[in-house]
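These notes concern the structure reproduced below.
The values are calculated or read from the model by the stated rules, or taken from the named source; none is laboratory data. Source: prediction; values computed, not measured. Please note: Cβ atoms are built from the backbone with ideal geometry, for glycine as well, and neighbour counts cover all protein chains shown. The accessibility values were calculated without ligands, DNA or RNA, using every heavy atom of the protein model including side chains. Shrake-Rupley method; radii C 1.70, N 1.55, O 1.52, S 1.80 Å.
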Amino acid sequence: MSIALRYAARSDIGLVRSNNQDSAYAGPHLLVVADGMGGHAGGDVASSVAVAALAPLDGESHGPDDALDELERALEAARDEIVARTHSDPDLTGMGTTVTAILRAGNKLAMVHLGDSRGYLLRDGALSQVTTDHTFVQHLVNTGKITAEEAEHHPQRSVVMRVLGDFEPDVAPDLSVREARPGDRWLLCSDGLSGFVSADTIADTMRTIADVDVCADRLVQLALRAGGGDNVTVIVADVVELDDVPDGTGPSTAASVVGSAASTRHRPTAAADGPAARAATLSKQAAAAARGDEDGQPTDPEDEDAPQDDVDPGRRRRRRVITTLLSVLLVGVLGGAGYLGYRWTQTQYYVGVTDDVVTIYRGIPQTIGPITLSTPLESSTMPAQDLPAYVRDRLDQTIPADSLQDARDRVRMLEDDARTASVATG
């Protein structure tokens, strides 16, 4: 039996983030997703370093017995590089990245996993999550303090406890080896997908869309339509039996690099039309106009450098009238779209901090020129300084909520966690 992988990798900046801190690599023997963290200056560097360290493993020379050792050595090399970079540039201190990778060795798949990026396996129509999130909330589930259903909406569900970075010298990844069965479909993804799209929807998409490229594109669009609050990165890979593939239709052996590790890392979002996409587009257009960017400035028909047609004054006046009417119409269209976009933002809620107090906001944590798209709605009695440092960091980035009641529930859970931490340290 001769096994191969047919794969597709996609990464999108999303509708909120200012840069893409995810990186991914997909090749005939290696699949990697890395979700960087550490702020604007460091997350993209960390995930790129991880992919660069693992990419050389994409070859035929690995046996099933040594594949895990090679993955571990590559992770250690990546960590050494991250530490070296933070020493040479202190602004990068504290950066880190999740890593979920599969290395194919014959008909075996060796997997290494750190963080909250995920690996899913679709086998015989059933989707299962084969990785365990290294998060604070997953720890609460494992210890029986909350249920898996409660974990889906817990305000600290994105707090990662185990990553590849300069602050964990003895990080221990999860290691496993599985059989590669023809007909299996694998999904590796950052939490920009799993945190916004339900497992049922992911499973249905994986089952119903046969083409790996189309499936990967669809999964990204689902995350963007759900708000696109984070970078979105996915790899979809099918295990195929080469003897069953018609001549000339075998899987590609060209590697695909996406996200911050790719030369296309500055590519804008590929979000299709939808309320969240329209609101984000209007925000970017307004910001560009405020900066005086070329795309934000109308062309002056009287510009001295513009070519002048040899036309009579009456025709020129008519052209000015038409230009003015078109400008008024454009302003009206943009105004109407802006109003609809603004109305959508006012149906959103998130939890943040105001004057060191945990606060519920209505809107989204963005501005359009001088206009702020959120307002404080309710303040709790809990000072943010009473929370653990990792929770304060999460609040600084804001915690999205599905509704006002969901936001109140998240604040209530934060208060409970603060009291628990106080008792534990008291």
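Residues in region 54-76 that are open to solvent by 30 Å² or more (accessible area, probe 1.4 Å) and either under 25 Å from residue 264 (Cα atoms) or assigned to a loop (DSSP other than H, G, I, E, B) (or both): 56, 58, 60, 61, 64, 65, 66. Counting only helices (runs of 4 or more DSSP H) that sit wholly inside region 162-249, those with at least 3 residues that are free of Cβ contacts under 8 Å to residues at least 40 places away in the same chain and surrounded by fewer than 22 Cβ atoms within 10 Å (Cβ to Cβ) are 199-208, 212-225. Would you confirm whether or not region 107-121 contains a residue that is exposed (fewer than 15 other Cβ atoms within 10 Å of the Cβ) and more than 13 Å from residue 176 (Cβ to Cβ)? No, region 107-121 contains no residue that is exposed (fewer than 15 other Cβ atoms within 10 Å of the Cβ) and more than 13 Å from residue 176 (Cβ to Cβ). Of everything in region 15-43 that is within 15 Å of the chain's Cα centre (by Cα) and surrounded by fewer than 24 Cβ atoms within 10 Å (Cβ to Cβ), the residue that is nearest to residue 117 (Cα to Cα) is 37.
Conditions (1) acidic (Asp, Glu); (2) at pLDDT 95 or above; (3) at negative phi; (4) part of a loop (DSSP other than H, G, I, E, B), marked per residue:
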site	(1), (2), (3), (4)
7	no, yes, yes, no
11	no, yes, yes, no
14	no, no, no, yes
19	no, no, yes, yes
24	no, yes, yes, no
34	no, yes, yes, no
41	no, no, yes, yes
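If you go through region 250-269 and keep only what is closer than 26 Å to residue 2 by Cα, among the hydroxyl-bearing types (Ser, Thr, Tyr) and loosely packed, with under 15 Cβ neighbours inside 10 Å, you end up with 252, 253. Any residue at all in region 135-152 that is touching a helix residue (DSSP H, G or I) at 6+ places or on another chain (Cβ under 6 Å) and in contact (Cβ under 8 Å) with a residue 60 or more places away in the chain? For region 135-152, residues touching a helix residue (DSSP H, G or I) at 6+ places or on another chain (Cβ under 6 Å) and in contact (Cβ under 8 Å) with a residue 60 or more places away in the chain: absent. Against the list (1) among the aliphatic types (A, V, I, L, M); (2) outside any helix (DSSP H, G or I); (3) open to solvent by less than 20 Å² (accessible area, probe 1.4 Å), the condition residue 127 fails is (3). Among the residues of region 184-207, those identified as over 20 Å from residue 102 (Cα atoms) and hydroxyl-bearing (Ser, Thr, Tyr) are 198, 201, 205.
Considering the conditions (1) open to solvent by 40 Å² or more (accessible area, probe 1.4 Å); (2) part of a loop (DSSP other than H, G, I, E, B); (3) out of contact with any Leu (no Cβ under 8 Å at 6 or more places or on another chain), residue 138 is excluded by exactly one of them, (2).
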